[in-house]
1. Could you please find all residues in region B:5-26 being surrounded by fewer than 22 Cβ atoms within 10 Å (Cβ to Cβ) and either modelled with pLDDT of 90 or more or more than 9 Å from every other protein chain (Cβ to nearest Cβ) (or both)?
2. Can you find even one residue in region A:245-252 that is modelled with pLDDT of 85 or more and of a type outside the set (Lys, Arg)?
3. Quick one: how many residues across region B:142-175 are outside any helix (DSSP H, G or I) and not polar (S, T, N, Q)?
4. Looking at A:Leu178, A:Leu173, A:Leu200, which is the one that is touching a residue at least 40 places away in the same chain (Cβ under 8 Å), loosely packed, with under 14 Cβ neighbours inside 10 Å and in a helix (DSSP H, G or I)?
5. Out of curiosity, is A:Cys360 in the same structural domain as A:Pro470 (by TED's automatic domain parsing), surrounded by fewer than 20 Cβ atoms within 10 Å (Cβ to Cβ) and in a strand (DSSP E or B)?
6. What residue, of B:Leu50, B:Leu54, B:Leu63, B:Leu76, is in the same structural domain as B:Arg21 (by TED's automatic domain parsing), in a helix (DSSP H, G or I) and touching a strand residue (DSSP E or B) at 6+ places or on another chain (Cβ under 9 Å)?
7. With the requirement that a residue be in a strand (DSSP E or B) and touching a strand residue (DSSP E or B) at 6+ places or on another chain (Cβ under 8 Å), what does region A:372-398 give you?
8. Could you tell me which numbered condition A:Glu341 fails, if it satisfies all but one of (1) charged (D, E, K, R); (2) surrounded by 12 or more Cβ atoms within 10 Å (Cβ to Cβ); (3) not in a loop (DSSP other than H, G, I, E, B)?
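The values are calculated or read from the model by the stated rules, or taken from the named source; none is laboratory data. These figures come from a predicted structure and were not determined experimentally. When we count neighbours, we look across all protein chains shown, and the Cβ atoms used for this are built from the backbone with ideal geometry, even at glycine.
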Amino acid sequence: MRSLRTRLLVGMIGSFALLLVAFGLVIDALIEYTLVREFDFYLETVARTLAAAAEAGGDQMEVRLVPEVLPDIQQVEGELFSQYWNDDGTTLAKSRNLADHSLPRFSGEVRHPQVQPLVLPDGRGARAAGMRFPVRHSAPSSEGSRPSSGGDEYLTLVVARDTTDLESHVRQLRWLLLAAGAATMTVGAVVSVVVIRRSLRPLHDVAADIATIKEDDLSMRIPSATLPEEIVPLVQRLNELLHRLDEAFARERSLTADIAHELRTPVAGILSAAGVTLSADRTPGDYREALEDVRKIARQMRSMIDNLLTLARLDSQEGQFQFEPIVLRDIVDACWRGSREEAIARGLTFENEVPDDLSCTSDRHALSIVFVNLLENAVQYTNEGGRIWVTACKTDGVIQVEVANTGCQLAAQEVARVFDRFWRADPSRKDASLHVGLGLALVRRIMTALGGQATATSEDGVFRVSLRYPSEPVFSPPDGMADARNDASCG
Amino acid sequence: MRLLLVEDYPPLQKSVVKGLREAGFAVDVMGDGKEALWYAESNQYDVIVLDLMLPGLDGLSILRRLRAGGRESHVLIITAKDAVADRVAGLNAGADDYLVKPFEFEELLARVQALVRRSYHRKNPIIEIGPLSIDTAAQRVVRADDEIRLTAREYALLEYLAVRAGEVVSRTDIWEHVYDFRSDATSNVVDVYIGHLRRKIDREGEPSLIEAVRGRGYILRKEPA
């Protein structure tokens, strides 16, 4: 039963039907009880009347019915039977309609005659009242002598009355009850269907609203002002989800646009270098120079694509780290090689102050990307003739590395943004060179994935990136990380 | 023709400068926005090729300041921004043309040459002066069906005199507008090249096409005197 409507309908109609049946059974029992009681009451009345009217005389007896009581008896429907017995069990008299048959003999007191059902000789059902009563003796014809009333002579009387009429009454009432029940049931079911459909209509309306949301425009929200309060939380959560999705897609779109922009300038460089070179006959030296230029641009693009792919893999949790022991000083030296030439050209000094014996267990490739990006970034932004230095230490299982350079002109509020993707120190520099914008975002992303963090500061013209990550692999940040957030610099 | 290229991505800068110089332009190059504005304000450029996102000062600000200062140089914007709104903003800031990166160098050159023609109120890329026919697009000079081979400097000098044909052009103007004469330290470099040019385009027994006007400069006559 996955449909809410079916469930409500079955629940409502089912319980309604059960109630109705129970109610019907009670009513039925009450009707039958009342009718039988009334029936029995008449039976007892008849019995008492007959008993009161009986006079015995030897083995003869006489029933003298006073006219006043006749209507009581005559009103009774159905055929009446009666039989009188002496105490010794001999039948004294019986009604003619019994013919050769006898009624069963049983008795109660005059005040409480015993009533029980029985089956008449002809197969009809009946109920009978039996009682034992003291009988008056019929006086001899003479008026003067007083009959010895209250003598010891008792008779037993059983009065039976067939229940055909009673049963047909009960049956009729039962049918009536059934018909009324069925009608109530039908009306109830129809009302339930209508009410449930009405109540669930807002759900359909919301569904229709949701159906109009296009995947390329998530700015729409479902109005919840007119909805029933049970649905409002659902719709609100949905709207919140839409909002989050909208933001995520917007980020994705701007990222795609940024990537397109970042790639356009180097492609323009390649097209232009090739176009100019091919526009005239050149010496082999010219061709070589042009090819060198194209290769340089292509390498920059490759580095940018690598960074993007690494970021995408880290974002989609595909990145699998391979942990191995790493001597930190060596990896910093290795990563510096790529930037050395440009640093020398710009007259920069580089100092690797990482202690020889400092090692950690980490992913070599990931750490290489981190240091290559940090050092390339430093070379790009250090002032001519400036200085770049790297320090590191290990405290309580946490490696702390600082990469610093002189010549920083970043304001404090700008420093917070250096880890944003495609952010540049100078907003108009977007087209300038390729490395900035992604490098630091990647550094922070890798540090997070390694269970560490990357922070940046700018103070007195020195730009400093601090990395803190566990020296042994962990998959959740160690307790110390949160507490030791404020940089305690290496001694 | 004197041209200012403002572009801060070195590999692109390098090849574009090379191509434009080979096409006979006197090219100045700037990678920084503030320096570019200073250069543009203190020189008479025929065309300025302007990138938008620059360190120091962005391209649109440079353009607005130049126009506000009354500079009439033709400006071609080159940028990675390709949205219609960006193009409209660029043209509304006073640019004459807009080229989206990445572009083919040929197209950049053709657009720059078109802007040069506009600078001198011409539509036809071929200039006919007396017996001379100068195809400014192909950079070919023909005199009475004979092609005359000129060096880049000589061609640039002839083209500049040709676009201003009929008026006296001062040595300073020539020095300013023609292919990096400014890099040549010799004071009489203009006269030397006028001499080279005359030897190539003049015919024996006919009057020289280029006349010297004492104390004022040179003139290329529209019709032979």
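1. B:Gln13, B:Lys14, B:Val17, B:Lys18, B:Arg21
2. So in region A:245-252, the residues modelled with pLDDT of 85 or more come out as A:245-246.
With the extra rule that they be of a type outside the set (Lys, Arg), the set shrinks to A:245-246.
Scanning region A:245-252 turns up at least one residue that is modelled with pLDDT of 85 or more and of a type outside the set (Lys, Arg).
3. As a first pass, look at region B:142-175 and keep what is outside any helix (DSSP H, G or I): B:142-151, B:164-170.
Now narrow it down to the ones that are not polar (S, T, N, Q): B:142-150, B:164-169.
Of the residues in that region, 15 qualify.
4. Numbers: A:Leu173 fails: loosely packed, with under 14 Cβ neighbours inside 10 Å; A:Leu200 fails: loosely packed, with under 14 Cβ neighbours inside 10 Å.
The match here is A:Leu178.
5. So A:Cys360 fails the test.
6. Values: B:Leu50 fails: in a helix (DSSP H, G or I); B:Leu54 fails: in a helix (DSSP H, G or I); B:Leu76 fails: in a helix (DSSP H, G or I).
Just one listed residue meets the conditions, B:Leu63.
7. Taking region A:372-398 as the starting set, the residues that turn out to be in a strand (DSSP E or B) are A:387-395, A:398.
Scanning region A:372-398 gives A:Arg387, A:Ile388, A:Trp389, A:Val390, A:Thr391, A:Ala392, A:Cys393, A:Lys394, A:Val398.
8. (2)
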